[in-house]
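Reading through the C-alpha cells given below for one structure.
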Amino acid sequence: MKIVDVRATTVAVPLEAPLRHAMGTHWGRFVRTIVEIETDDGAIGLGEMGGGGESAENGIRALKPYLLGHDPLQLEQLYWKICNPTASLYNNRAQLHAAIEFACMDLAGKRLGVRACDLLGGSLRESVPFASYLFYRYPDPKTGRGGEETAEEMVSHARTLKAQHGFRTHKLKGGVFPPDHDLEVYLALAAAFPGDSLRIDPNTAWSVEDSIRIGRAIEHLRNDYYEDPCWGLEGMRRVRSFVKVPTATNTAVVNFEQLAACIRLDAIDVILLDTTFWGGLREAWKAGVVCEKFQRGISVHSSGELGIQLATMLHLGAALPNLSFAADAHYHHLTDDIIQGGKLPYSGGEIAVPAGPGLGVELDRDKLRQYAELYQREGGYQYDRDPERPEWFSMVPERRFAQPKKRR
Ligand code: MG
C-alpha cells in the first residue's frame, strides 16, 4: 500500500451562534481543512486540521514529496519524516502531521480491518462521556439561538443542553467578562446541577492573584478541575500551591518537554490532550501513557473539530486507561457535519466510539461540496478578534474584559 495522492479542501460549517472566549470570538462557523490521502489500491484515508484557505491547503500539499510512495502503515517513520524534533526549530509541522497521521491511521485500519484505537493497543471503553461546553454567545438572528450573558441565561442554556444530550458534566468557558462575573455564573451552575460535576476555563485570562481568589471561592463545589485560570507553568504552579482544587491545562503543556517540566515541578494535575496540538493521535496517546505512568490525570481537549477529528478523540478516549474525566467537545454547537449520516449522536452525555475500521467515519461528498462553497462565500475569520468590538484586542487585564450589558 503506497500513497499516490494527497488532497486538501477547506470547509466552513455553521455554529448555532457565535462563541465568545477570552481571546476573541468564533464568528458563527468553524473553518477546517479536510485532508484526503489516496493509496494505490484506491483506498482513501481522512484527516482534518483547524483553519483553512490557501496557506493551510498549500501546507498539506507541500508535504506531497514526503508522502508519495509512503506506506501508511509506517506511522513512526511518518512522524520522523515530517516532525523530526531536531528540525522542529525550522519546521513547525505538528498540526500538519496530525492531519496526515489521522488519514494514515484511517488507511492502516481499513487495510487491516481494525479500528484506530486497536492500532493503539485496543479499546477499554466503547463510548466516551463529554462535558456540556458552555460559552457566552452572541445572539444569532438566523438560528434564534445564543445571547447568553447572565447566570440565569447560562443555567437555562445548560438545562437545554442537558435535556438534549444528557450531559452530566458542565464546563464554563470564562474569561470574557471580569472574573467575578464568571464566579457568579459558575456558582449558579453548581446550584442548578448539584449532582453534576463542573469545570471552569477562563483561557489563562486571569492574574495569578485573581486565580487564587476565585479558586478558593469554588473549593467547596464538585469541581473536576480548575483549567488554565492563568498563564504558564509557573503561574499555574503558584495557583496550585494556594488552591485545593486539582488544576488542569491545555495550554502550558502541549509537548513532551513541557510535560517533563510539569511533572518535575509538580505544576499542574490534569493534562488535556489534543490530537491536533500534540501532533497526532499517536502522540496524544503517548502523552496519555506518560501521564498514566506518573499518576497524572488526563482529559481530552477540543479544538473546534468536525466529525473526522472527533473520531480521533473518541479513539484516543477508548484507548487510554486513565481517562477519568468527561472529554471536551465544541461539537454540540455545530449545526451539521461533513461525515456520512450527519453528526455523531450523543446518548446519555456520551458518544459511541465508531465501529467501522480505521477512524470509522466516511465523507459525505455533498456536504463537503456544500460547506466548501460556504467557505468560498464567507471566508475565514480571525480567532483572536471580536466582530462586535472591532477596536478591541485581548491585552492586559483591565482592557481585556467586556462589561456585562445585562443585569439581573
Ligand atoms: Mg482550555
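Out of the stretch 327-363, which residues are in contact (Cβ under 8 Å) with a residue 40 or more places away in the chain, polar (S, T, N, Q) and either assigned to a loop (DSSP other than H, G, I, E, B) or not assigned by TED's automatic domain parsing to the domain that holds residue 271 (or both)?
Once the filter is applied, which keeps residues that are in contact (Cβ under 8 Å) with a residue 40 or more places away in the chain, polar (S, T, N, Q) and either assigned to a loop (DSSP other than H, G, I, E, B) or not assigned by TED's automatic domain parsing to the domain that holds residue 271 (or both), the stretch 327-363 yields only 335.
Checking the structure you have, find out if any residue of the stretch 68-80 is polar (S, T, N, Q), touching a residue at least 40 places away in the same chain (Cβ under 8 Å) and at negative phi.
For the stretch 68-80, residues polar (S, T, N, Q), touching a residue at least 40 places away in the same chain (Cβ under 8 Å) and at negative phi: absent.
Considering 198, 134, 124, which residue is in contact with a Pro (Cβ under 9 Å, 6 or more places away or on another chain) and either free of Cβ contacts under 8 Å to residues at least 60 places away in the same chain or closer than 25 Å to residue 346 by Cα (or both)?
After applying the criteria, what remains is 124.
Could you identify the single residue in 227, 283, 219 that is buried (at least 22 other Cβ atoms within 10 Å of the Cβ), more than 15 Å from the ligand (Cβ to nearest atom) and on the phi < 0 side of the Ramachandran plot?
Unique residue meeting the criteria: 283.
Can residue 262 be described as within 14 Å of the ligand (Cβ to nearest atom) and surrounded by fewer than 24 Cβ atoms within 10 Å (Cβ to Cβ)?
No; evaluated as a whole, the condition is false for this residue.
So which of 232, 288 ends up being more than 12 Å from the ligand (Cβ to nearest atom) and surrounded by fewer than 18 Cβ atoms within 10 Å (Cβ to Cβ)?
232
Considering the stretch 214-256 alone, what residues qualify as being of a type in the set (Ser, Thr, Tyr) and in contact (Cβ under 8 Å) with a residue 12 or more places away in the chain?
Within the stretch 214-256, 225, 226, 247, 249, 251 qualify.
Given the criterion within 15 Å of the ligand (Cβ to nearest atom), closer than 22 Å to residue 205 by Cβ and touching a Phe, Trp or Tyr at 6+ places or on another chain (Cβ under 6 Å), identify the matching residue among 252, 248.
248
Which fully enclosed helices (runs of 4 or more DSSP H) of the stretch 24-98 have 2 or more residues being among the aromatic types (Phe, Trp, Tyr) and more than 21 Å from the chain's Cα centre (by Cα)?
So the answer is 75-83.
Could you tell me which numbered condition residue 207 fails, if it satisfies all but one of (1) without any contact (Cβ under 8 Å) to a residue 60 or more places away in the chain; (2) more than 16 Å from the ligand (Cβ to nearest atom)?
The failed condition is (1).
The values are calculated or read from the model by the stated rules, or taken from the named source; none is laboratory data. Model, not experiment: these values are computed from the prediction. All Cβ positions, even for glycine, are placed from backbone atoms using ideal geometry, and neighbour counts span all protein chains on display.
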